[in-house]
Amino acid sequence: MANLAINTTQNVNLDYKIASIGDRMLAFLIDLFIFFVYLYAVELITTAMGMAISDRWTVFGIQQLLLLPVMFYSLAMHILFDGRTVGKMLLKTKVVKTDGSPVHWSNYFTLWMMRLIDIWMFFCAVGTLSLIFSEKRQRLGDMAAGTVVISTKNKVRITHTILEEVEQSYNPTFSNVTKLTDKDVRLIKETYLTAIRSSDYKTLKALRDKVEKILETNSQLYDRQYVTTVLKDYNYFTQNM
């Protein structure tokens, strides 16, 4: 499964898994099954109304009105449920922008309009071929809207970013951590995690000394405790500024 790297507005790199072609097709088939069930229900309702109402045009008008949800299903679901339809919810996939910015309703509208070419014309051939041959598994609608469908089954772990889990009741230790930048903290965290994974305590000590020099602290905390405290303090202050 291919990866998609997105840089958020907070300058944090997130890695997502691009949804597989199988997941996208299965999600579409689930939505299609919902269409068939709904259309069957509409047929039963209008047939019963036809027996009760002699005016066929009235029944026809009501039938066309009841078919509107099918026509606007994809557009409405994507807007209301943050890039998801029922099929996407069940398969744990969603639509996101390739540049990490929020998806605008106009992007969903473009996707919806392009379904005519991608899906309904030529029996899904255009959409299927573009999914197969595009690098990010995008159909033409995705390319036009600047979107891609990702899998949310394996969400990005917080250890992959500069973020740290900070409790609401957390009390920071070092108030001058704001001297650091996002780039500094990302480098500190990456070095810290690498040192911990390889049990490289020499590097951990060197990292601690470097950070203490920058922050001008003289803490009695152990190296590991010191670095994790700095990371949490930084996130506490930057999230509450």
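Coordinate-derived values only; no laboratory data. These numbers come from a predicted model, not from an experiment. Positions of Cβ are generated from backbone atoms using ideal geometry, with glycine treated the same way; all protein chains shown enter the neighbour counts.
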Taking 98-105, 207-214 and ranking on average Cβ neighbours within 10 Å, highest first, one gets 207-214, 98-105
About its Cα centre, how strong a charge dipole does the chain have in debye, to the nearest 20, once Lys and Arg get +1 and Asp and Glu get -1 at the Cβ? 460 debye
Arrange the peptides 48-56, 61-69 so that the one whose residues have, on average, the most other Cβ atoms within 10 Å appears first. 61-69, 48-56
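Would you mind counting up the charge near residue 78? Only other residues with Cβ under 15 Å from its Cβ, with Lys and Arg at +1 and Asp and Glu at -1.
Neighbour charge sum, excluding residue 78 itself: +3.
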Please compare each pair in 88/153; 92/189; 94/136; 179/202 to a cut-off of 22 Å on the Cα-Cα distance and tell me which ones are over it. 92/189; 179/202
Below 12 angstrom from the Cβ of residue 128, what's the summed charge of the other residues (Lys, Arg +1; Asp, Glu -1)? +2
May I ask which residue of 21, 72, 192 lies farthest towards the positive end of the charge dipole of the chain, with charges of +1 (Lys, Arg) and -1 (Asp, Glu) on Cβ and the Cα centre as origin? 192
Computed ³J(HN,Hα) along the range 211-221: with the Karplus parameters 6.51/-1.76/1.60, θ = phi - 60°, integer Hz and x for glycine or proline, the list is 5, 4, 5, 5, 7, 6, 10, 9, 8, 8, 5
Taking the highest mean first, how do the peptides 198-206, 145-153 order by number of other beta carbon atoms within 10 angstrom per residue? 145-153, 198-206
